[in-house]
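Taken together, the values in this text are just the output of simple stated rules run on the coordinates, not laboratory data. All values derive from a computational prediction rather than experimental measurement. Don't worry about glycine lacking a Cβ; one is built from the backbone with ideal geometry, like all the others, and counts go over all protein chains shown.
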Amino acid sequence: MEYYYLDDAIYVDKKDGTKVHYFIFDEFEIHYNSIAPHTSQQWHFHSKIEEVIMVTKGSLTCYWVEDDIRKKKVLKEKEIIRVQQSVHTFANQSDQEVEFTVFRFVPNGINKHELIKNDKEVVENIKRGCENLW
């Protein structure tokens, strides 16, 4: 196993009020973000990557354009949104800092649901010295 601390991330304090800790790996990224009260990010889109966002503190207002219509959804703690290739932005309309985690990856169009669901092998025999861990 590998473990990482917040100090291991690349930290960026953006002018738009967003603070990001970037954990960058070969095939995916995880960003720990916070947005200051009453601020928003720039409108943007991603042509190749997928972003999945989970709110961990506060409420995050998500805006995106779909069929030339601006849409809005307020996400609360533990709620998730898939950004896909939408034109989008995120805003904090509250008086409190909002925190969320972004998972970024490049999908290849192959359905991996069964692989992900079933990739677990139970280990019956633990090596000597590990038997009493629980």
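Please give the charge dipole size of the stretch 1-122, origin at the Cα centre, charges +1 on K and R Cβ atoms and -1 on D and E Cβ atoms. Round to the nearest 20 debye. Each step should come with its number before you reach the end.
Values: 16 positive and 21 negative charges, 101 e Å.
Dipole about the Cα centre, nearest 20: 480 debye.
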For 55, 20, what's the fewest-to-most ordering of other Cβ within 10 Å of each Cβ? 20, 55
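Need one number: convex hull volume per residue for the chain, Cα atoms only, in Å³. Don't skip to the answer; put the middle values down first.
Numbers: hull volume 22.9 nm³, N = 134.
Hull volume over Cα atoms, normalised by residue count, gives 171 Å³.
With Cβ to Cβ distances under 15 Å as the rule, what net charge do the other residues near residue 19 carry (K, R +1; D, E -1)?
Result for the neighbourhood of residue 19: -2.
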Where labels lie 7 Å past Cα in the beta-carbon direction, separation of residue 5 and residue 67 in nm: 5.1
In terms of the charge dipole of the stretch 40-129, which places +1 on Lys and Arg and -1 on Asp and Glu at the beta carbon, the residue among 42, 103, 60 farthest towards the positive end is 103
Restricting to lysines and to Cα separations under 19 Å from residue 48, and discarding same-chain partners fewer than 8 apart, the set is 112
Helix-only CD estimate at 222 nm, as mean residue ellipticity for the chain, using -39500 (n - 2.57) per DSSP H run (n ≥ 4): -1000 deg cm²/dmol
The chain: longest segment with zero exposed GluC sites (Glu not before Pro), where exposed means DSSP loop plus at most 13 other C-beta atoms within 10 Å, is residues 28-120
Aspartates and glutamates within cross-link reach of residue 15: Cα-Cα under 20 Å, excluding same-chain residues under 8 positions apart? 95, 97, 99
